[in-house]
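The values are calculated or read from the model by the stated rules, or taken from the named source; none is laboratory data. Bear in mind the structure is a predicted one, so any value in this text is a computation, not a measurement. Note that we place each Cβ from the backbone using ideal geometry, even for glycine, and neighbour counts take in every protein chain shown. To get the accessible areas, we keep the full protein, side chains included, count just its heavy atoms, and leave off ligands, DNA and RNA. Shrake-Rupley method; radii C 1.70, N 1.55, O 1.52, S 1.80 Å.
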Amino acid sequence: MKTGKSSIKTRVTMYYSLTLIFVSALLVAILISSMIYQVGVVSRDTVMKAAQDAFDDIEYRDEYIQIDSDFDSYRKGVTLLVYSSEGDLIKGSLPEDFPYYTPLTNGDFTDIRCDDEKYLVYDLYNTYENNEGLWIRAIYPEDISLLAIRKLLLLVLIGIPVIIAVAITAGRRITSAAFEPIAEISEAAESISSGDDLSVRLPAREGSRDELDTLSVTLNEMIERLEQAFENEKQFTSDVSHELKTPVSVILAQCEYALSDVETDEEYKVALNTIVGQCRKMMSLIQQMLQLSRTLTSDSVLEKEYFDISQLCTSVAKETEILAEKKNVKVITDISPDISCYGDETLILRMIMNLMTNAVKYSEPERVESYVKLKLDNNDSDIVISVEDNGKGISDEDFPYIFNRLYKGDYSRSEDDTSFGLGLSMVKWIAEAHKGTVETESEKGKGSIFTVHIPKAG
Ligand code: ADP
């Protein structure tokens, strides 16, 4: 995707190029200035040492000051001159352009510039036994060392831009290579968003375990969840339509039958009763759907408060007794008193109610002592609610799906007209909305136990 702004690639290249130039310039400046300083120090040392060494070739012998015949007046680039105490040049010759009359100053360094040359001059005076003395003047053309610096500077000035140019070119290539996966990711993401095809996944990059790989994996997980959510919604709509279609078809058939074929009042009554039964079924489904949708939309607005869950469980157990009596099921309770829960009381009530109703609904009519047991307890971190029954139990085929919306197990499908497979999905949703969990244990023919853990911290 092109925009008016420069690409990240260009910006990254620009940033590090500028940094590189800045750092190089700083480095060159530091290098040159420290070299100039060092050269200055070395030159002074050389000149001073040459002057001091020169006195080794001068001796006081036989009441005279004698200069050795092998006195070397040019040492390590330093010109050495010997002057009498009156300042007359006795030995050595001045460099060509060096001024003849220059005052001698003992132990001092002087810079003397003449024509194109710059000289560092050092004078040293020594007195001998006859109280006479001699001057040594050491002259060092500084341009020798400065020339080396100039050459180096030239090299650096040519070399650094070349190095920078190479670094920028190579850097741009590296950046391009590094950003290539981003281009691939954005291309794939664009094709997903424009094509409505959620089955497309971002390309996996073999062997790489970097941040971009993590990004691809995370985005793929997100797309997968979206795809799953869309699929679930589609499935849910189609299942609900199907659930509604059957009673509507029966109602329609009964109406047509009543309008055309029915002759007696008795037959009318039968047709109307069937219609009423189907309408009740539809009403029940609509009610459960509304309940579910209200539950799901209360997501962000859970009305949490502290309430006495022990009391709530006691009243749910009482309410269930009315339903249980009809099916000859005993309601047993084991409720620890005074447990306080932080949560949405209405939703928690609905959750426990759904579990209790199911436990009664799926009781075993053949059993002599059918029971439903509601237990409430708590530990350091959780409130634990369990609903146990010795009813029909859940078959292995149904077990993995019972929490899916609109999933109905064996008995539910055949026997109960008001079962739509929404109760447990609501239970799961309410528990998770309270950061809790639901666990199920069940054995076909023996019974089931549903255990909900709600964290105390809310
Ligand atoms: P419904 O009860 O309306 O069918 P639910 O979502 O409440 O929907 O339950 C889904 C399925 O799980 C039921 O159809 C049933 O097969 C199974 N089930 C739920 N609770 C129990 C239970 N206590 N004992 C046996 N089976 C159960």
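Miscellaneous remarks
- Any hit, the stretch 348-360, residues being surrounded by 17 or more Cβ atoms within 10 Å (Cβ to Cβ) and among the hydroxyl-bearing types (Ser, Thr, Tyr): yes
- Given (1) within 12 Å of the ligand (Cβ to nearest atom); (2) under 29 Å from Pro337 (Cα atoms), number of the condition Pro455 does not satisfy: (1)
- Val47 being within 60 Å of the chain's Cα centre (by Cα) and in contact (Cβ under 8 Å) with a residue 60 or more places away in the chain: no
- Filter result (more than 13 Å from Glu345 (Cα to Cα) and modelled with pLDDT of 90 or more) within the stretch 284-308: none
- The lone exception for Lys456 - which of (1) closer than 22 Å to Leu347 by Cβ; (2) at pLDDT 95 or above; (3) not β-branched (Val, Ile, Thr) it fails: (2)
- Screening Asp344, Asp308, Asp334 for residues that are farther than 21 Å from Pro365 by Cα and more than 46 Å from the chain's Cα centre (by Cα) leaves exactly one candidate, Asp334.
- Taken over the stretch 368-401, the criterion of being of a type in the set (S, T, N, Q) and closer than 15 Å to Phe450 by Cβ is satisfied by Ser386, Asn390.
- Pick from the stretch 113-146, criterion out of contact with any Ser or Thr (no Cβ under 7 Å at 6 or more places or on another chain) and among the charged types (D, E, K, R), ranking: farthest from Tyr74 (Cα to Cα): Glu129
- Considering (1) under 60 Å from the mean Cα position of the chain (by Cα); (2) more than 17 Å from Glu142 (Cβ to Cβ), the lone condition that Asp56 does not fulfil carries the number (1).
- Sole exception among (1) open to solvent by 40 Å² or more (accessible area, probe 1.4 Å); (2) without any contact (Cβ under 8 Å) to a residue 24 or more places away in the chain; (3) not aliphatic (A, V, I, L, M) for Glu388, by number: (2)
Results for (1) among the charged types (D, E, K, R); (2) part of a helix (DSSP H, G or I); (3) open to solvent by less than 50 Å² (accessible area, probe 1.4 Å), shown as yes or no for each residue.
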{"position": "Arg172", "(1), (2), (3)": "yes, yes, no"}
{"position": "Ile182", "(1), (2), (3)": "no, yes, no"}
{"position": "Ile185", "(1), (2), (3)": "no, yes, yes"}
{"position": "Ile192", "(1), (2), (3)": "no, yes, yes"}
{"position": "Arg201", "(1), (2), (3)": "yes, no, no"}
{"position": "Thr218", "(1), (2), (3)": "no, yes, no"}
{"position": "Gln228", "(1), (2), (3)": "no, yes, no"}
{"position": "Thr237", "(1), (2), (3)": "no, yes, no"}
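- Subset of the stretch 398-439 [modelled with pLDDT under 90, buried (at least 16 other Cβ atoms within 10 Å of the Cβ), more than 7 Å from the ligand (Cβ to nearest atom) and basic (Lys, Arg)]: Arg405
- Matching residues in the stretch 333-347 - criterion: being within 16 Å of Val372 (Cα to Cα) and open to solvent by less than 60 Å² (accessible area, probe 1.4 Å): Ile335
- Of all residues in the stretch 349-397 being in a strand (DSSP E or B), near the ligand (Cβ under 10 Å from one of its atoms) and more than 16 Å from Lys444 (Cβ to Cβ), the one that is farthest from the chain's Cα centre (by Cα): Val372
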